[in-house]
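Derivation of every value follows stated rules applied to the coordinates shown; laboratory data play no part. Only a predicted model underlies this, so the values are computations on that prediction, with no experimental measurement involved. Cβ sites come from the backbone with ideal geometry, for glycine too, and all protein chains shown count toward neighbours.
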Amino acid sequence: MNDLTDKIIAGDIRAIARGISLAESGQPEAVELLKDLYPHTGRAYLIGITGPPGGGKSTLVDKLIKIYREQKKKVGVLAVDPTSPFSGGAILGDRVRMQKHATDEGVYIRSMGSRGHLGGLALATSDAAKILDAAGYDIVIFETVGIGQSEVEVAGRVDTTVLVTVPGLGDDVQVLKAGTMEIADIFAINKADREGTERCVIELEQLLSVKEMDENTFLPPIIQTIAKDNQGTAELTGAIEKHRDYLNSGGRLAEKRKKRIQDEVHTIITNQLDKWAALRLTHDMETRENLDDIYSKKTDPYTVAGDIIKELQI
Amino acid sequence: MPNKIRILIAKPGLDGHDRGAKYIARALRDAGFEVIYTGLRQTPEAIAAAAVQEDVQWVGLSCLSGAHNSLFPRVVQLLKEKNAPDIKVFGGGVIPADDIPGLKAAGIKEIFTPGTSSQQVVDYINQN
């Protein structure tokens, strides 16, 4: 394992790829690897690109890679596509739009299946980002699955969240709704050569005009892009840079990342408790009897659960 | 969760016929594999680099242009150079029977010619 850690830190592509597969597998060795790598993380800037299916996320990411490469930055991309709930298989096709960067040694692109995880990312996406961070990538881009109204997970995992939308998705009530519209640090209206772009801009502006603000609020800019023609993409990276500057002033980035650490520790605890509870309920004979007693109304679910939790001495 | 089988499906060379590649990608998806689809007109260099980044166990190449004798062995060779000789390569497309022994000698594990059912490909992957 130490060998793998050293190779990842040295930027060995094969080792990075193996490390990410290990993280995806959820095997105990993955935890050891991530522990070893953790002191080497924290330098990469994490960008989330999210939005509806077919909105042009992958094409935009392709253009962002190009711009960051011109700035001599190393770029990692984690592109998530949905896993079939029926077969467990997946077609991971985001790479098609970015494949021209495949032979650039400063770019690492990894396609990930969501594998049953529902928040827009894969369970292991953040761990994969840590591996790329430790390997020396300056920018790590998370591309979510095509999302609907409620997949907001990415915002809690990255430093800057870009919501990619397209004209003509709905009226002004849609943009007022809670959920994904609230998580954007930056709005990108892609396919801005299409009819309805102006209306889309006005509706977003109206949404932002009713946002409660003080001098500390970052007003999300609305950037019009035509990703396929590489239009508006420099403005988009400029807006990302501005948001980064905003976070860097007044300790906001540290605050945001500390909140992320809290969420992460919380997730690790709940995942382990979840596994423990599942095992406890399926493998302990006495508990099985208690469950039968609930059915025959001799006791109730709250008492049984309370007794089990007492074992944890919390 | 054990390591899931990941397969890169790629079309090297210049022909624009990707129906076969998409058909097999879908069949592999339905068999529970993670299929990374890279699209048309890929160079062997881009295919090998993507295969290493994606940590796949298999690369499936589809070629209908007649250039398989140079393109397929080149991918095998590049994977070796990238310290990834364990990534296995299979091929499909319009490939004359006479060419198959040469391709296998060059390290391509199997060649599927027109008429092969998708189930045969799935079974082959599962058995190897």
What shape does the protein assembly as shown have by the C-alpha gyration tensor, where a ≥ b ≥ c are the square roots of the eigenvalues, rounded means a/c under 1.5, and otherwise prolate means a/b greater than b/c and oblate the rest? oblate
In terms of modelled amide H atoms, which long-range or inter-chain residues lie less than 5 Å from the amide H of A:K73? none
How much net charge surrounds A:L78 when only other residues with a Cβ under 15 Å from its Cβ are counted (Lys, Arg +1; Asp, Glu -1)? -4
In nanometres, the difference between 0.36 nm per residue of separation and the alpha-carbon distance of A:T41 and A:K310 is 93.1 nm
Quick one: Karplus J couplings for the range A:211-223, per residue in order, coefficients 6.51, -1.76, 1.60, θ = phi - 60°, nearest Hz, x for Gly and Pro? 6, 6, 9, 9, 5, 8, 7, 8, 7, x, x, 10, 10
Ordered by residue, what ³J(HN,Hα) values in Hz, to whole numbers, does the range A:114-130 give under the Karplus form 6.51 cos²θ - 1.76 cosθ + 1.60, where θ = phi - 60° and Gly and Pro are x? 5, 6, x, 7, 10, x, x, 10, 8, 4, 9, 4, 5, 5, 4, 5, 5
With a/c under 1.5 counting as rounded, go ahead and sort the range A:41-250 into rounded, prolate or oblate using the C-alpha gyration tensor (a ≥ b ≥ c being the square roots of the eigenvalues; past the cut-off, prolate if a/b is larger than b/c, else oblate). rounded
In a shell of Cβ-Cβ distance under 15 Å around A:N2, excluding A:N2 itself, what net charge do Lys and Arg (+1) and Asp and Glu (-1) give? -3
With each label point set 7 Å from Cα along the Cα-Cβ vector, what nm distance links A:I294 and A:D104? 5.4
Could you work out how far apart the two model spin labels at B:D98 and B:D86 are, taking each label as a point 7 Å from the Cα in the direction of the beta carbon, and quote it in nm? 3.9
Using R₀ = 45 Å, calculate the FRET efficiency as 1/(1 + (r/R₀)^6) where r is the Cβ-Cβ separation of A:T303 and A:D245; round to 0.05. 0.25
Phi to ³J(HN,Hα) by Karplus 6.51 cos²θ - 1.76 cosθ + 1.60 over the range A:94-104, Hz, x for Gly, Pro: 5, 5, 3, 6, 10, 5, 5, 8, 4, 8, 7
5 angstrom amide H check on A:A90, placed H, neighbours 5+ away: A:S84, B:F33, B:E34, B:V35
Under the rule a/c < 1.5 gives rounded, and otherwise a/b versus b/c splits prolate from oblate, where does the range B:6-127 land using the Cα gyration tensor? rounded
Describe numerically, in nm with one decimal, the distance between label points set 7 Å from Cα along Cα→Cβ at B:S65 and at B:Q77. 1.7
When you have a sec, figure out the Kirkwood radius of the range A:15-72 from all distinct Cα pair distances and drop it here in Å to one decimal? 14.2
For B:Q42, what is the net charge nearby, where nearby means another residue's Cβ is under 14 Å from its Cβ and Lys, Arg count +1, Asp, Glu -1? +2
To the nearest 10 degrees, how steeply does helix A:57-70 sit against the main Cα axis of chain A, on a 0 to 90 scale? 70
Can you compute the label reach from A:S150? Point 7 Å from Cα along the Cβ direction, backbone N cut-off under 19 Å, restricted to the range A:77-103. A:82-83, A:85
Lys, Arg +1 and Asp, Glu -1 on Cβ, resulting dipole of the protein assembly as shown about Cα centre, debye, nearest 20: 1040
